[in-house]
Amino acid sequence: DGGITQSPKYLFRKEGQNVTLSCEQNLNHDAMYWYRQDPGQGLRLIYYSQIVNDFQKGDIAEGYSVSREKKESFPLTVTSAQKNPTAFYLCASTWTSGRPGSYNEQFFGPGTRLTVL
Amino acid sequence: GQQLNQSPQSMFIQEGEDVSMNCTSSSIFNTWLWYKQDPGEGPVLLIALYKAGELTSNGRLTAQFGITRKDSFLNISASIPSDVGIYFCAARGAGSYQLTFGKGTKLSVIP
């Protein structure tokens, strides 16, 4: 089955530690995205990548880093510089070509809930 | 930056009732989307709208792309318990792959 895998589902981290969240897709999508979701809030874009070895900052990139070495993978590192990292993190992917249609819209993974202890 | 104002923030309804929620913006968008998120899961696309004035249905769900391109609404008819969740509107401008999201409408259905 094609889809997006995010692991782990739950992650606990001590203050001052970096942690990396995994996102893998086998949909052959070109673009991948990372969002942060806080209670009662919409999704806020952290980083996005439209092609391999290229990525752009979103609205709230401070304290986060990413890499895109493979088309299928877009890991997100939450660094110790992120002052309030406890949140639900969502990865999404989509094609960047083709005609408009629901199949061309962002498809989301199941999310990773990060808690800082 | 661009913002989507989604309302209501939350709603409690009786099973069988119809539901309506909407999203407005001061900016023009070329695409409007409606997603549903179950607790602890990622959002799932319900309906995509690509043309001003477009009215699209997906089962008991109906959504419209406002004629001004600054708003959209979602209706759910004859609600059932599995409709519970958070509904998000999202929109995209011309030539962009980035989405702007509303803050969501949390729907609770009372059996």
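Observations on the model:
- Boolean, residue A:20 is of a type outside the set (A, V, I, L, M, F, W, C) and open to solvent by 30 Å² or more (accessible area, probe 1.4 Å): yes
- Residue A:13 vs. criteria among the basic types (Lys, Arg) and in contact with a Ser or Thr (Cβ under 6 Å, 6 or more places away or on another chain): no
- Considering segment B:60-89, the residues that are touching a Leu at 6+ places or on another chain (Cβ under 9 Å), among the β-branched types (Val, Ile, Thr) and open to solvent by 10 Å² or more (accessible area, probe 1.4 Å) include one that is farthest from residue A:102 (Cα to Cα), namely B:84.
- Per-region count, segment A:55-67, residues open to solvent by less than 60 Å² (accessible area, probe 1.4 Å) and either of a type outside the set (Val, Ile, Thr) or part of a strand (DSSP E or B) (or both): 7
- Yes/no for residue B:55 being closer than 27 Å to residue A:91 by Cα, surrounded by fewer than 21 Cβ atoms within 10 Å (Cβ to Cβ) and at pLDDT 95 or above: no
- For segment A:78-117, the tally of residues that are among the hydrophobic types (A, V, I, L, M, F, W, C), at the interface with chain B (Cβ under 8 Å from one of its Cβ atoms) and open to solvent by 40 Å² or more (accessible area, probe 1.4 Å) stands at 1.
The values are calculated or read from the model by the stated rules, or taken from the named source; none is laboratory data. Because the structure is a prediction, the values reported are computed rather than measured. Counting neighbours? That spans all protein chains shown, and the Cβs are built from the backbone with ideal geometry, glycine included. Just so you know, the surface numbers come from the protein's heavy atoms only, side chains and all, with ligands and any DNA or RNA stripped out. Shrake-Rupley method; radii C 1.70, N 1.55, O 1.52, S 1.80 Å.
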